[in-house]
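The values are calculated or read from the model by the stated rules, or taken from the named source; none is laboratory data. Note that the coordinates shown come from a computational prediction; the quantities given were computed from them, not determined experimentally. Reconstructed Cβ throughout: ideal geometry from the backbone, glycine too, with neighbour counts over all protein chains shown. Calculation scope for accessible area: heavy atoms of the full protein, side chains included, ligands and nucleic acids excluded. Shrake-Rupley method; radii C 1.70, N 1.55, O 1.52, S 1.80 Å.
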Amino acid sequence: MIRSLFFLCGILFCSILFAGTRDPNTSDSKYLDYGSKFHCVLKIEGQDHKDQKYFASCVAINKNCILTAAHVVQDCKACYVVLNDKKYCIEKVICPSDYEENKFGYHDIAIGYLEADTDLGLDFYPELYSKTDETGKVCAISGFGLTGTFRTGTNQSDDKRRAGSNKINHIDRQLLICSPSVNNRTELEFLIGSGDSGGGLFIDNKLAGINSCVISNDGKPNSSYNDESGHTRISQHLQWIQDNLRDHYGKKEE
């Protein structure tokens, strides 16, 4: 069986796109309520070098720095973090040297620095997950992607942040892999989709993954039953992140 990976930025001028989905047995209001707790997960709006507008997600890890997916910002002409209807320019982007856009799922992570005097003013910035014991862990996932259910797949967009839960099934090419369950569901079973790229996967309130892609068995990445989601593993990139933060803020202090 052919398994295809699909990146998950959303194009603003499309009315219907592949969507993040939820358990059809659970009210959407619960996902919205849970999403309201993830203040560090923010929306990205950007424009690529073909002048196409897109949206995605990111995670603020301090007052003027975010983590997101490399495919979200690697080809951007202009890119902004949106918080309370205010836009903050992403001034500098760093992607791993091993990241290649045509190699889906590998090293899909980026650091984005906002302007030096920016202060997002959030009350919480997540610690980065350093352990390598992710498999089997229950996790929380959040982003600004489009929505639907595992049964319907993609069917609507409302520009709202949602969050849900899942269990990490296994690790493939350093992606944390989740899938929607029919039996043994977590409390708020959830799968990422378009617009959720760059958002976060959390274990024990620590940032353990960056939302990257949907893995489809039928060529239709609509985040329905039988699809899987891939999340770039923070623990694999922890040293790279720490080194870049040290270099950036060290230079600012000189």
Next on the checklist: With θ taken as phi - 60° and the coefficients 6.51, -1.76 and 1.60, list the Karplus ³J(HN,Hα) couplings across region 50-64 in order, rounded to whole Hz; mark glycine and proline as x.
Outcome noted: 9, 6, 8, 7, 8, 9, 7, 10, 7, 10, 6, 10, 7, 5, 9
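What's the ranking of 74-82, 137-145 by average number of surrounding C-beta atoms within 10 Å, highest first? Intermediate results must be reported in sequence, preceding the final value.
Details: 74-82: 17.0, 137-145: 24.7.
By packing density, highest mean first, the sequence is 137-145, 74-82.
What shape does region 162-254 take by its C-alpha gyration tensor, where a ≥ b ≥ c are the square roots of the eigenvalues and a/c under 1.5 counts as rounded, a/b above b/c as prolate, and the rest as oblate?
Details: a/c = 2.57, a/b = 2.17, b/c = 1.18.
Prolate is the answer for region 162-254, as a/c is 1.5 or above and a/b outweighs b/c.
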Next on the checklist: With n ≥ 4 as the cut-off for DSSP H runs, can you work out [θ] at 222 nm for the chain, using -39500 (n - 2.57) per run divided by the number of residues, rounded to the nearest 500?
Outcome noted: -4000 deg cm²/dmol
Checklist entry - Taking the simple approach of a point 7 Å from Cα along Cα-to-Cβ for both ASP51 and ASN25, what is their distance in nm? => result 5.0 nm
Checklist entry - By how many nm would the segment from LEU238 to ASP158 lengthen if fully extended, with 0.36 nm per residue of separation less the alpha-carbon distance? => result 25.5 nm
Checklist entry - LYS37 to VAL182: extension gain in nm, 0.36 nm per residue of separation minus the Cα-Cα distance? => result 49.6 nm
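Which shape class applies to region 42-112: rounded if a/c is under 1.5, otherwise prolate when a/b exceeds b/c and oblate if not, where a ≥ b ≥ c are the square roots of the Cα gyration tensor eigenvalues? Could you put the intermediate results ahead of the total?
Values: a/c = 2.05, a/b = 1.32, b/c = 1.55.
Cα axes put region 42-112 in the oblate bin.
Which value, in Å to one decimal place, does the Kirkwood hydrodynamic radius take for region 131-199 when every pair of different Cα atoms is included?
Values: mean 1/r = 0.0782 Å⁻¹.
Kirkwood hydrodynamic radius for region 131-199: 12.8 Å.
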Checklist outcome for this item: Here FRET efficiency (C-beta to C-beta, ASP218 to LYS87, R₀ 35 Å, nearest 0.05) is 0.40
Checklist entry - Under 26 Å Cα-Cα from LYS77, which lysines qualify once same-chain neighbours fewer than 8 residues away are excluded? => result LYS43, LYS50, LYS53, LYS63, LYS86, LYS87, LYS92, LYS103, LYS160, LYS251, LYS252
Checklist entry - Rounded to the nearest whole Å², what accessible area per residue is found for the chain with the 1.4 Å probe? => result 46 Å²
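Counting alpha carbon pairs within less than 8 Å and at least 6 residues apart, what relative contact order, in whole percent, applies to the chain? Each step should come with its number before you reach the end.
Values: 704 pairs, mean separation 68.6, N = 254.
In percent, rounded to a whole number, it is 27.
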